[in-house]
Structures are given as C-alpha cells and as structure tokens.
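Asks: Below is a structure I'd like to ask you about.
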Amino acid sequence: MSLHGKKRRIVVSSSDEDDEGPAAAPKQRKRRSEPATAAEILRAAEACKRDVLAAFPEYKPALRGVAIEVSSRMQTSGAKTIFNAETLRPRCVRISSQVFGERENLETALPDVVRHELAHAIAGREAAHGKEWRRGCRRIGGG
C-alpha cells in the first residue's frame, strides 16, 4: 500500500513498546457495576409506590393489597400488573430482576415503569392502555 509514493509498514505486536518509543498508558476498561439485587429492586419499587400513595391518597383503596414482587423468570418485559382472575382486582406488580438488575435501568427507568404498572392497577384490567389508563398514568407521573 502506498501513501504519497511511500510504503507504510503495519506492525502488529503484543509487546508494550512499538517502534516509536515507550508504550502509552494501558487503556482503562469501563468497569461494570455489580448488578442490583432483588432486595434493592424491591426497595426501590416499594418506595415509588409509597411516593404515589403519599401524593395521591385517593388511590389508596385501588392500591390496597397490591403487592410488589420481583421475578427472575420474566425475560422480555420489565414489569407486569397481575390481576386476580376471579375478582379482577389487581393482585401485584411484578418487576423483572433480569431487566432491572442492571443499575442503570434501576436508577433511571424503574420509577417510571412502576408508576406505569400502578396506573394499570388503578384503572383496572379492562382499561388496558385506553383513555382512562392514560389519564391516570399521566397524573401519577408514569409513561
């Protein structure tokens, strides 16, 4: 290969020095933080629920008895509201430890996702992502 009529030599070496002097400082690898534990995820989600109940006490009846659970079996969705099949009342909000085990997701996305799921519990199973659910979700700060 030529560059302005001169041949360039490409040197591949495993040594710390090349032909032009001492080696540059080794590159620092970005260190990944430890994954969040199920207990940390649960604490963060329960804190979000407490914040919603403190700000909107009128939702206490709708959210009474709605537990927060962390599941390692959920692979594709971040969270889901589970309803009782007989009474159609919300039973729990299930959070994925696979998704929220990553600290970045835990810190940035979890509060929004928990509010989203609480809006499902408030609006009811039949509301899906309809007008009533959207209104409630916006009100409590979910997305």
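Asks: Just to confirm, what accessible area per residue do you get for the range 27-118 at 1.4 Å probe, in whole Å²?
Replies: 66
Asks: What percentages, rounded to whole numbers, describe P(r) for the range 77-130 computed over all alpha carbon pairs with 5 Å bin width beginning at zero?
Replies: 4, 21, 28, 21, 14, 9, 3, 0
Asks: Another question about this same structure. Taking only the C-alpha atoms, wrap a convex hull around the range 45-143 and report its volume per residue in Å³ as a whole number.
Replies: Dividing the Cα hull volume of the range 45-143 by its residue count gives 93 Å³.
Asks: Using the basic label-point model (7 angstrom from Cα toward the beta carbon), what is the LEU53 to SER72 distance in nanometres?
Replies: According to this spin-label approximation, the distance is 2.8 nm.
The values are calculated or read from the model by the stated rules, or taken from the named source; none is laboratory data. All figures in this text were calculated on a predicted structure; none of them were measured in a lab. Every residue, glycine as well, gets a Cβ built from its backbone with ideal geometry; the counts of neighbours run over all protein chains shown. When the accessible area is computed, the model is the full protein with side chains, heavy atoms only, and any ligands, DNA or RNA have been set aside. Shrake-Rupley method; radii C 1.70, N 1.55, O 1.52, S 1.80 Å.
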